[in-house]
1. Please tell me if VAL141 is farther than 20 Å from LEU413 by Cβ and at pLDDT 90 or above.
2. Counting only residues that are of a type outside the set (A, V, I, L, M) and open to solvent by less than 10 Å² (accessible area, probe 1.4 Å), which one in the stretch 631-656 is nearest to VAL403 (Cα to Cα)?
3. Can you tell me which residue among GLU63, GLU58, GLU44, GLU52 is surrounded by fewer than 21 Cβ atoms within 10 Å (Cβ to Cβ) and at pLDDT below 90?
4. Quick one: which of LEU305, LEU215 is over 23 Å from VAL586 (Cα atoms), open to solvent by 20 Å² or more (accessible area, probe 1.4 Å) and either modelled with pLDDT of 85 or more or out of contact with any Phe, Trp or Tyr (no Cβ under 8 Å at 6 or more places or on another chain) (or both)?
5. Could you check the stretch 545-583 and list, in sequence order, the residues that are buried (at least 19 other Cβ atoms within 10 Å of the Cβ) and over 30 Å from LEU606 (Cβ atoms)?
6. For the stretch 168-197, what are the residues that are of a type outside the set (A, V, I, L, M, F, W, C), open to solvent by 50 Å² or more (accessible area, probe 1.4 Å) and more than 21 Å from the chain's Cα centre (by Cα)?
7. Within the stretch 481-505, count every residue that is in contact (Cβ under 8 Å) with a residue 60 or more places away in the chain, within 28 Å of ASP414 (Cβ to Cβ) and either open to solvent by 10 Å² or more (accessible area, probe 1.4 Å) or in a loop (DSSP other than H, G, I, E, B) (or both).
Amino acid sequence: MMRGLAGMTARRPWRVMLVTFAFLVAAVIGGGTLTGSLSPGGFEDPSAEFVEARDVLEAAGGESPAPAVIALVEPGSDVRTGEGRATVERVAATIAADPQVARVLTAFDGAGDALISRDGMATYMAVFFTPVSESDQPAVVERITDSLAGEEGVRLGGAAAVGFQVTDVISDDLKRAELIAFPIIFLLSLWVFRGVVAALLPSLMGVLVIMGGFLAVGLLNTVTEISVYALNLVIGLSLGLAIDYSLLIVSRFREELAGGREPAEAVARTLATAGRSVLFSAITVAAALAGLMVFPQPFLFSMGLGGVMVALNAALAALVVLPAVLMLLGRRVNALAPARWRARSEAAHLRDERGFWVVLSRAVMRRPALVAFVTAAGLVLVALPAFGVTFTTVDARALPASVEARAVSDTILDDFPENLSDPIFVAVEAPTDADSAAGVRALAAQIDDLPNADLVAPPVAVGDATWRIDVYTRAEPLSATGQDLVRDIRSAGAGQDVLVGGLAASLVDQKTSMGGRLPWAILVIALATMVALFLMTGSVILPLKAVIMNLLTLGVTMGLMVLIFQDGRLEGLLNFESVGALDITVPILLGAMAFGLATDYTVFLLSRIKEAHDAGEPTADAVAYGLQRTGRIVTAAALLFAVAIGAFVSSEVSLIKQLGLGTAAAVLIDATIIRALLVPSLMGMFGRWNWWAPAPLRRVYERVGWREVEPAAESGPPPA
């Protein structure tokens, strides 16, 4: 298959480039337009109790049960008298004029002094929307923002405003990340390839895959909800995979040229070897990210769908477009390189028994058990803090203090006597007759007696057969105290038609929903990885070891994330403020990303080891050979990927910052410690058993497996 693909690109390289250019133009135009309407949310499980509670109250009362927007008004004078009060009433009237605003609650129409700051110089009003989808809320917030453009001292916060402002911040983050990543990537590529022309290819492929990813995400958004956060994954993963695959393809092509082959033959040999590795890698990365699609949250589903599209785009670019470029360049791929650099790169194909990776591999394999034990023990020690992880979800604290919604939240917490902006709301489905009313009031009294229920509003009839009870606590809504209160309220209403919603309830339900689907995601990712690696290697031992090492990489990464983001280390260096928890989606996203990318490098290494082993090399020599031929490339690929995805550490959104640092750390740990120490030590410990598979599976591999040469007779396992 690969040779057929090579033949097509060798015969028609200009046609491939013409189609690619047309696609790129369409992607630039269509992708930029279509991605403008991505959803700022998507963190909800549609079947969760808090969603049902909200829907019941919205249907009964015609308005959102919790404020969608909080408008903070600071007119510069006492808000209770004169010009100050006039400003408050004018702002309220302006907001209420929007057709999607159902009600505006102020201190002067029922809320009282709780909505006025201690010094009387500020007040906030709660804005309730008519039933409107999460994806349409940003448009309402934008209209309200525009209508208040002439008012001084008015800032907007609340859940809908957070979503609207997150979109703007992420847009700025993407531009900044690109400005940081591309120059560094080019310089690192220049160091790896030692030639300007070759160094430009990874960045050019990155641009192509990014724009293709934008177009794919934009088109998918027309048929299903796609989260705006997926753009960060598209850029980081596109750039990273494009670089990885370009490094592998270009390096192998130059190696084949240096070995005396003509460009057409070099392209064919490159696709038959490195191209196979790219294909297997893309399959495993896509499968790992597809594991996110088992979750019902549109945020995770869209991340998985976007990741699958990126992996396929990156493979297509590496296996079709890049070979056409190399065919057109031929030996000019080594152009614009100093003579000394060119000589070193052209000698890279020679087997060097004194090379760094050969020496390291042989040193490790002399004492494999000791190296494996010490390395694994050290990694486990770093992973231990992961057992103390605490979770939160996206709220105003995900934004920097300079952003309006975060500033509103901080001001309410600091300057107001009570925070009534995030109630826990209870929906009770019961008639409004006297007997039912007495039962609802009894439930409210029972809730009022619960620990941490600091204020329970009197039950209010909403519609003909629904009641609403608002519960407030002085604790942070997403704190353990707030979550415990949600559970206590649900216990108090057990056996009745009672539903509990609100921000704290959303986190409780997210934990339940994601925890229930997590085993299925792990199963999908692990099975896909093992099947792909088995079809590539014909072994069941190597895939099992790969899964275990990937899990170890993830554990170490999570341990570091807890130490840095949950415990608040490096706050000054990384410019963030710890909230004492990680976003609940981070372990899931990191797990899929780290698993896919770790397998990516496993494929690169094992393909070269197996190539040597199938040619008759003993396992120890095959490992040394594979490490020598891929060590520099894999290390460079990991470093470039870490730059591409790690650029999002500069993000002002805490979730994106956590994902950027976590993914970069996982990639670097896997490509250095795991590949340099654990892989060769475990290969040395297992010896010939590395290539073992039971007889039925060996027959499967002989029929459908992928190999370049017939395996040597010695490759089978020893007798049992």
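The values are calculated or read from the model by the stated rules, or taken from the named source; none is laboratory data. As the structure is a computational prediction, the values presented were derived from the model and not from experiment. Backbone-built Cβ (ideal geometry, glycine too); neighbour counts: all protein chains shown. Side chains are part of the model used for accessible areas, which takes the heavy atoms of the whole protein and leaves out ligands, DNA and RNA. Shrake-Rupley method; radii C 1.70, N 1.55, O 1.52, S 1.80 Å.
1. Numbers: farther than 20 Å from LEU413 by Cβ: yes; at pLDDT 90 or above: yes.
So VAL141 fits the description; yes.
2. In the first step, residues of the stretch 631-656 are kept if they are of a type outside the set (A, V, I, L, M); the result is 631-632, 635, 641, 646, 648, 650-652, 654.
Narrowing further to those that are open to solvent by less than 10 Å² (accessible area, probe 1.4 Å): 631, 641, 648, 651.
Working: GLY631: 44, PHE641: 30, PHE648: 18, SER651: 13 Å.
Ranking the qualifying residues of the stretch 631-656, first place goes to SER651.
3. Numbers: GLU63 fails: at pLDDT below 90; GLU58 fails: at pLDDT below 90; GLU52 fails: at pLDDT below 90.
Result of the check over GLU63, GLU58, GLU44, GLU52: GLU44.
4. Working: LEU305 fails: over 23 Å from VAL586 (Cα atoms).
Every option except LEU215 fails the conditions.
5. VAL562, ILE564, PHE565, GLN566, PHE576, VAL579, ALA581, LEU582, ASP583
6. Scanning the stretch 168-197 gives a single hit, PRO183.
7. Final tally of qualifying residues: 2.
Quick grid of which residues meet (1) open to solvent by less than 40 Å² (accessible area, probe 1.4 Å); (2) charged (D, E, K, R):
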{"site": "VAL88", "(1), (2)": "yes, no"}
{"site": "ALA93", "(1), (2)": "no, no"}
{"site": "ALA97", "(1), (2)": "no, no"}
{"site": "ALA102", "(1), (2)": "no, no"}
{"site": "LEU105", "(1), (2)": "no, no"}
{"site": "GLY112", "(1), (2)": "yes, no"}
{"site": "ASP119", "(1), (2)": "no, yes"}
{"site": "MET125", "(1), (2)": "yes, no"}
{"site": "PHE128", "(1), (2)": "yes, no"}
